[in-house]
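J.: Here it is, the structure, as structure tokens.
The values are calculated or read from the model by the stated rules, or taken from the named source; none is laboratory data. If you're wondering where the values come from, they're calculated on a predicted model, not measured in any experiment. Glycine gets a Cβ as well: all are built from the backbone with ideal geometry, and neighbour counts include every protein chain shown.
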Amino acid sequence: MIELDGNNLTLEQAERIIIAQQPVTITTTARRCVDETSAIIEKIVAARRPAYGINTGFGKLSDRAIPIDNLRALQRNIILSHSTGVGEPLSIEAVRAMILFRINSLLKGLSGIRSTTIDYLVQLLNHKIHPLIPSKGSVGSSGDLIPLAHMAAILLGEGEAEHNGRVISATEALKLIDRPPLDLAPKEGLALLNGTQYMSALGFLALLRGKRLLKNAVAAGSLVLEGLQGFTAPFDERLHAVRPHPGQVEIARLIRRMIAGSRLVQKTDESFEDRLNDKHYTEGETDCCRPQEVQDSYSLRCLPQVLGPAWEALAFLAEKITVEINSATDNPLIWSDGTVISGGNFHGQILALTLDMTAMAIAEIGSIAERQIDRLLTSSDRGLPLFLVENSGLNSGLMITQYTAAALVSENKILCHPAGVDSIPTSGGKEDHNSMGSIAADKNLRVIENVEQVVAITLLCAAQALDFRLSDHLAGSTRQVYERIRRLVPHLAGDRFLAQDIDRLTRAVKDGELIDGIL
């Protein structure tokens, strides 16, 4: 059982709750804080003190006073009127993340919602009941209003949910948590809707998949390096110490670790004196000496400089997601001394820009991987058969896998157009600058999916290239990855149906199956 208090949710805890579906509970301190501010709402209502979203309309209608007898209906109406989403339902993981992050934000005790209302969300999470939330509709400001409305509608007895692999009605969902349809108190409907939890949820999932994808790309690049008998000098620790970007340094370190002990790579990082004293070098007996070449193409040589920025982009995303999931993103916010402040903490610009950057960084993982595929397929000068197949001509081998990779990389160029520089006003112009961070979050996952497939193709080609090398010359770490690939897909002796091979490796990249315990 993981305790939530609104302030200290870690990314590791979030992963356990969202992916492993561990249950949660609310700390006593957080519950007391929540109920203190919900009592302030009762005082505001009793005093007929004007306060946005409590006794006024919403957005452009904020100048409309709402009679005290209609305040509960107002909160129900905002959920129903905002449930206008379209598109395919979000994944279970995305829904769980939304619920978790909304609970944690409300537990800061600044939203004016009752703890008994938050308990409904806790029960949904713990009973693994996941509202069906359409994937499209949010503009990333005024909170992710539409997705969160669909999340909240289930509490009112509206909409549908997923439970144990089947779709159930809201009525059945409420029976499973032994709760009646929720009768919202003043401010509670707005409190449930006004937040950045859709953006945060998809951003969190992008972070998890992005980190796993980057490790797979490091493994793939290391296999490619051995398959092409590349130079080790570009990964020399001394080289990166004089340009010490943290991501660049880290990726170079990981590649050094992956290829340690390999007899396929060209070790050009010794001192000149050491090389003169190396009888194997002077007698031309190294495993892969090509004296006419002194450096590799950028797709090998610049791996730390390309994958390193992706490492840093993901680290920056982790920082911003950690802040966001422990923040109050409601409007207005209410303090226990009765202060009510209307502001813009729901605005998702920080997430939009961060996620735009992450999408571009991830896309570059795919871009350099596609070039590695091309190198593997066309490096006859390095002792590999054209398109990595014997009897080429009769067989096309892996030629067309590069077409697929090229198509995916090209699609990412379109997807990487920044969403955060766009804005369409809403609510009659009252909400005149929107972040579109929701779109940045959604396209991030689409970019990641494309790159997962490109990296899978890279691994397919790299393993095929290594089939033409001496397997006992592989490094220990790369040999493990190679053997795992070969357990999933066999060597290509002649042309065959390849889509299933790519699909198997893509799933292994997504699951981390190829790199678990290695990277």
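J.: So which residues in region 186-213 are over 30 Å from Leu156 (Cα atoms), surrounded by 24 or more Cβ atoms within 10 Å (Cβ to Cβ) and either among the basic types (Lys, Arg) or more than 9 Å from the chain's Cα centre (by Cα) (or both), if there are any at all?
T.: Leu213
J.: Another question, if that's okay. When you check Arg446 against the structure, is it at pLDDT 95 or above, under 26 Å from the mean Cα position of the chain (by Cα) and within 29 Å of Ile146 (Cβ to Cβ), yes or no? Break it down stepwise before answering.
T.: Values: at pLDDT 95 or above: yes; under 26 Å from the mean Cα position of the chain (by Cα): yes; within 29 Å of Ile146 (Cβ to Cβ): yes.
For Arg446, the condition - at pLDDT 95 or above, under 26 Å from the mean Cα position of the chain (by Cα) and within 29 Å of Ile146 (Cβ to Cβ) - is met.
J.: Still on this structure, I have one more. When region 462-473 is examined, which residues are found to be farther than 12 Å from His491 by Cβ and buried (at least 24 other Cβ atoms within 10 Å of the Cβ)? Give the derivation first.
T.: At the first step, the residues of region 462-473 found to be farther than 12 Å from His491 by Cβ are 462, 469-470, 472-473.
Correct list: Ala462 only.
J.: Ala493 - would you say it is of a type outside the set (Phe, Trp, Tyr) and out of contact with any Leu (no Cβ under 8 Å at 6 or more places or on another chain)?
T.: Numbers: of a type outside the set (Phe, Trp, Tyr): yes; out of contact with any Leu (no Cβ under 8 Å at 6 or more places or on another chain): yes.
It is true that Ala493 is of a type outside the set (Phe, Trp, Tyr) and out of contact with any Leu (no Cβ under 8 Å at 6 or more places or on another chain).
J.: Evaluate region 378-399: report whether one residue or more is under 30 Å from Phe316 (Cβ atoms) and either crowded, with 22+ Cβ neighbours inside 10 Å or in contact (Cβ under 8 Å) with a residue 24 or more places away in the chain (or both). Steps first, answer last, please.
T.: From region 378-399, those under 30 Å from Phe316 (Cβ atoms) are none; that's our starting set.
No: region 378-399 contains no residue that is under 30 Å from Phe316 (Cβ atoms) and either crowded, with 22+ Cβ neighbours inside 10 Å or in contact (Cβ under 8 Å) with a residue 24 or more places away in the chain (or both).
J.: Quick test for you: out of Arg16, Arg72, pick the one residue that is part of a helix (DSSP H, G or I), free of Cβ contacts under 8 Å to residues at least 40 places away in the same chain and surrounded by fewer than 21 Cβ atoms within 10 Å (Cβ to Cβ). Reasoning before the result, please.
T.: Details: Arg72 fails: free of Cβ contacts under 8 Å to residues at least 40 places away in the same chain.
Of the residues listed, the single one that is part of a helix (DSSP H, G or I), free of Cβ contacts under 8 Å to residues at least 40 places away in the same chain and surrounded by fewer than 21 Cβ atoms within 10 Å (Cβ to Cβ) is Arg16.
J.: Which ones in region 21-69 are among the basic types (Lys, Arg) and either assigned to a helix (DSSP H, G or I) or under 24 Å from Met1 (Cβ atoms) (or both)?
T.: Just the residues of region 21-69 that are among the basic types (Lys, Arg), to begin with: 31-32, 43, 48-49, 60, 64.
Of everything in region 21-69, those that are among the basic types (Lys, Arg) and either assigned to a helix (DSSP H, G or I) or under 24 Å from Met1 (Cβ atoms) (or both) turn out to be Arg31, Arg32, Lys43, Lys60.
J.: What number goes with the only condition from (1) surrounded by fewer than 22 Cβ atoms within 10 Å (Cβ to Cβ); (2) more than 24 Å from Asp511 (Cα to Cα) that Ala419 does not pass?
T.: Single failed check for Ala419: (1).
J.: Taking Arg212, is it of a type in the set (D, E, K, R), farther than 30 Å from Leu90 by Cβ and out of contact with any Phe, Trp or Tyr (no Cβ under 9 Å at 6 or more places or on another chain)? Before the answer, list the steps.
T.: Numbers: of a type in the set (D, E, K, R): yes; farther than 30 Å from Leu90 by Cβ: no; out of contact with any Phe, Trp or Tyr (no Cβ under 9 Å at 6 or more places or on another chain): yes.
Answer is no for this residue.
J.: Here's a follow-up. Quick check on region 156-165. Is at least one of its residues assigned by TED's automatic domain parsing to the domain that holds Asp119, in a loop (DSSP other than H, G, I, E, B) and either in contact with a Phe, Trp or Tyr (Cβ under 8 Å, 6 or more places away or on another chain) or of a type in the set (D, E, K, R) (or both)?
T.: Of the residues in region 156-165, the ones assigned by TED's automatic domain parsing to the domain that holds Asp119 are 156-165.
Applying the additional criterion that residues be in a loop (DSSP other than H, G, I, E, B) yields 157-159, 164-165.
After this cut, where a residue has to be either in contact with a Phe, Trp or Tyr (Cβ under 8 Å, 6 or more places away or on another chain) or of a type in the set (D, E, K, R) (or both) as well, the list is 158.
Yes, region 156-165 contains at least one residue that is assigned by TED's automatic domain parsing to the domain that holds Asp119, in a loop (DSSP other than H, G, I, E, B) and either in contact with a Phe, Trp or Tyr (Cβ under 8 Å, 6 or more places away or on another chain) or of a type in the set (D, E, K, R) (or both).
J.: Now a separate question. Could we say that Pro425 is free of Cβ contacts under 8 Å to residues at least 12 places away in the same chain and either more than 16 Å from the chain's Cα centre (by Cα) or buried (at least 24 other Cβ atoms within 10 Å of the Cβ) (or both) here?
T.: Working: free of Cβ contacts under 8 Å to residues at least 12 places away in the same chain: yes; either more than 16 Å from the chain's Cα centre (by Cα) or buried (at least 24 other Cβ atoms within 10 Å of the Cβ) (or both): yes.
Spelling it out, Pro425 is indeed free of Cβ contacts under 8 Å to residues at least 12 places away in the same chain and either more than 16 Å from the chain's Cα centre (by Cα) or buried (at least 24 other Cβ atoms within 10 Å of the Cβ) (or both).
J.: Which one is nearest to the chain's Cα centre (by Cα) among residues in region 459-508 that are closer than 20 Å to Ile365 by Cβ and among the small types (Gly, Ala, Ser)?
T.: So, considering only residues that are closer than 20 Å to Ile365 by Cβ and among the small types (Gly, Ala, Ser), the one nearest to the chain's Cα centre (by Cα) is Ala508.
J.: Please find, within region 20-59, the residue that is farthest from Arg76 (Cα to Cα) out of those that are buried (at least 19 other Cβ atoms within 10 Å of the Cβ) and in contact with a Pro (Cβ under 6 Å, 6 or more places away or on another chain).
T.: Ile41
J.: Moving on to the next point. Just a yes or no: is a residue in region 200-219 in a strand (DSSP E or B) and more than 22 Å from Ile350 (Cβ to Cβ)? First the steps, then the outcome.
T.: Going residue by residue through region 200-219, those that are in a strand (DSSP E or B) are none.
So far as region 200-219 goes, no, none of its residues is in a strand (DSSP E or B) and more than 22 Å from Ile350 (Cβ to Cβ).
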